[in-house]
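The values are calculated or read from the model by the stated rules, or taken from the named source; none is laboratory data. Since the structure is predicted, the reported quantities are computational estimates derived from the model, not experimental observations. Heads up, the Cβs are rebuilt from the backbone with ideal geometry, glycines too, and the neighbour counts pull from every protein chain shown. What goes into the accessible areas is simple: the full protein's heavy atoms, side chains included, and nothing from ligands, DNA or RNA. Shrake-Rupley method; radii C 1.70, N 1.55, O 1.52, S 1.80 Å.
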Amino acid sequence: MFLDRWSPRAFSGEPVTRNDLMTILEAAAWAPSASNHQPWRFVYGLGGTPEFDLLLSLLVPGNQRWAKQSGALVMILSKTQTGEAGDENRRAITTHSFDAGASWMALALQAQFLGYHTHGMGGIEWEKIPAALNLPEDVQIEAAIAIGRMGKIEDLPEDLRAREKPNGRKPLSEVTFHGRYRT
């Protein structure tokens with residue numbers, strides 16, 4: 001399943017059903033988290049809705065070109081502190097981004113299991129998102145995710161077609177270190 005997962009840009013435009021999306025997000029919510037804080041949060045929009053259009057507008061133009069054909073968009077967020085504002089026992093959740101990343105992987109694998117593909121994006125309007133999504137100070141944007149059924153490569157803008165294939169990974173010897181990091 002890990003080798004079959006990849007991030008296409010060619011989506012069919014077929015909507016993701018609310019039921020399927022809730023199944024995908026439920027899997028993401030079962031990800032492991034440090035001290036069981038479960039800091040991930042999700043804002044979603046289903047294709048053909050005003051919420052989808054809002055989330056699409058928060059992607060950089062280069063991602064909007066192809067993500068508009070996805071069936072759902074999700075903004076993955078993370079809560080950076082425990083408790084609520086004013087709580088004297090409140091403290092930082094230092095692993096909030098790490099934990100949100102774990103939920104993203106669960107999301108991607110569940111989507112794949114249901115026959116969908118996902119594409120995570122850092123090409124988003126970082127400065128606009130907090131106000132547009134009404135985020136409190138202790139909630140941070142992590143990434144955007146397009147979800148949908150695979151479309152036709154020829155429907156993509158021509159400059160993206162050559163990139164529309166699974167890519168490899170760096171060799172394990174390049175990313176693992178025994179005992180200490182080395183450059």
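Applying the selection to the range 66-111, what residues are in a helix (DSSP H, G or I), under 28 Å from THR49 (Cα atoms) and open to solvent by 50 Å² or more (accessible area, probe 1.4 Å)? Of everything in the range 66-111, those that are in a helix (DSSP H, G or I), under 28 Å from THR49 (Cα atoms) and open to solvent by 50 Å² or more (accessible area, probe 1.4 Å) turn out to be TRP104, MET105.
Could you list, in sequence order, the residues of the range 154-167 that are open to solvent by less than 70 Å² (accessible area, probe 1.4 Å) and farther than 21 Å from LEU46 by Cα?
First, the residues of the range 154-167 that are open to solvent by less than 70 Å² (accessible area, probe 1.4 Å): 156-157, 160, 164.
Once the filter is applied, which keeps residues that are open to solvent by less than 70 Å² (accessible area, probe 1.4 Å) and farther than 21 Å from LEU46 by Cα, the range 154-167 yields PRO157, LEU160, GLU164.
Using the structure shown, decide if VAL16 is surrounded by 15 or more Cβ atoms within 10 Å (Cβ to Cβ), modelled with pLDDT of 95 or more, of a type outside the set (S, T, N, Q) and assigned to a loop (DSSP other than H, G, I, E, B). When the stated conditions are applied, VAL16 passes them. Look at (1) in contact with a strand residue (DSSP E or B) (Cβ under 8 Å, 6 or more places away or on another chain); (2) surrounded by fewer than 16 Cβ atoms within 10 Å (Cβ to Cβ); (3) farther than 18 Å from SER12 by Cβ and you find that MET150 fails only one, number (3). Which of (1) in contact (Cβ under 8 Å) with a residue 12 or more places away in the chain; (2) open to solvent by 10 Å² or more (accessible area, probe 1.4 Å); (3) under 15 Å from the mean Cα position of the chain (by Cα) is the odd one out, the single condition LEU54 does not satisfy? All conditions pass for LEU54, except number (3).
Restricting the search to the range 116-147, which residues are outside any strand (DSSP E or B) and either open to solvent by less than 40 Å² (accessible area, probe 1.4 Å) or acidic (Asp, Glu) (or both)? Scanning the range 116-147 gives TYR116, GLY123, GLU125, GLU127, ILE129, LEU133, LEU135, GLU137, ASP138. In the condition set (1) of a type in the set (A, V, I, L, M, F, W, C); (2) more than 30 Å from ASP155 (Cα to Cα); (3) assigned to a strand (DSSP E or B), PHE42 is compliant with all but (2).
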